[in-house]
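Here is the structure we will look at.
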Amino acid sequence: MSDIEDLATELLSAFQARGLKLATAESCTGGMLGATITEISGASDVFDRGFITYSNEAKTEMLNVTSETLAAHGAVSEQTACEMAVGALAHSHADIAVSVTGIAGPGGGTAGKPVGLVWFGLAGKQREATAVKRIFSGMTRTAVRRESARVALELARDAAYATRP
């Protein structure tokens, strides 16, 4: 198994041990996070659903990210990542939701939002929504997406560990 498969297995174990369900909301990873989770046997015990919301319209229609948030902060922002996670939680039977939104490159970056910038949101029934920022500089598009999936798995796993069984 690869390191990311080991991490997905660990995530599933943590969720199973606590009787928790997970939802994902993905933009720049385009389903890679959900695919990584569902590659592991037993994922159906834990993984409720995933939302692939690549466009702003999808974020608004499927996850209730507000047009005001998108206009004021953009799709790649702390606020959007939090709203994506909250929306995934609200539109699922999950206990914890994780979101990913970023600029995988090689184009699309700006001085304020460089290629490799990724925001992760985390929301749960027993926790306030939070966001984490990472910058994966100097990486290929594939590497940014893969590292983003890895970080999202870590965040969700850690949230499960922090949840009382």
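The values are calculated or read from the model by the stated rules, or taken from the named source; none is laboratory data. Here the structure is a predicted model, which means the values were calculated and not measured. Cβ atoms come from the backbone with ideal geometry, glycine included; neighbour counts cover every protein chain shown.
Can you say whether Lys59 is basic (Lys, Arg) and at pLDDT 95 or above, as far as the supplied structure shows?
When the stated conditions are applied, Lys59 passes them.
Take the residues of segment 24-52 that are of a type in the set (A, V, I, L, M) and either assigned to a loop (DSSP other than H, G, I, E, B) or at pLDDT below 95 (or both): which is farthest from the chain's Cα centre (by Cα)?
Ile40
Residues are listed down the side, and each one gets a yes or a no for (1) touching a strand residue (DSSP E or B) at 6+ places or on another chain (Cβ under 7 Å); (2) in a loop (DSSP other than H, G, I, E, B); (3) farther than 21 Å from Glu5 by Cα:
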| residue | (1), (2), (3) |
| --- | --- |
| Ser99 | yes, no, no |
| Lys133 | yes, no, yes |
| Met139 | no, yes, no |
| Arg150 | no, no, no |
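Within segment 8-20, does at least one residue satisfy the condition of being surrounded by 16 or more Cβ atoms within 10 Å (Cβ to Cβ), among the hydroxyl-bearing types (Ser, Thr, Tyr) and over 16 Å from the mean Cα position of the chain (by Cα)?
Checking segment 8-20: at least one residue is surrounded by 16 or more Cβ atoms within 10 Å (Cβ to Cβ), among the hydroxyl-bearing types (Ser, Thr, Tyr) and over 16 Å from the mean Cα position of the chain (by Cα).
Could you please let me know if Thr69 is under 15 Å from Ala123 (Cβ atoms), part of a helix (DSSP H, G or I), in contact (Cβ under 8 Å) with a residue 12 or more places away in the chain and in contact with a His (Cβ under 7 Å, 6 or more places away or on another chain)?
No, not satisfied.
How many residues are out of contact with any Asp or Glu (no Cβ under 9 Å at 6 or more places or on another chain) and either charged (D, E, K, R) or on the phi > 0 side of the Ramachandran plot (or both) when one looks only at segment 63-93?
4
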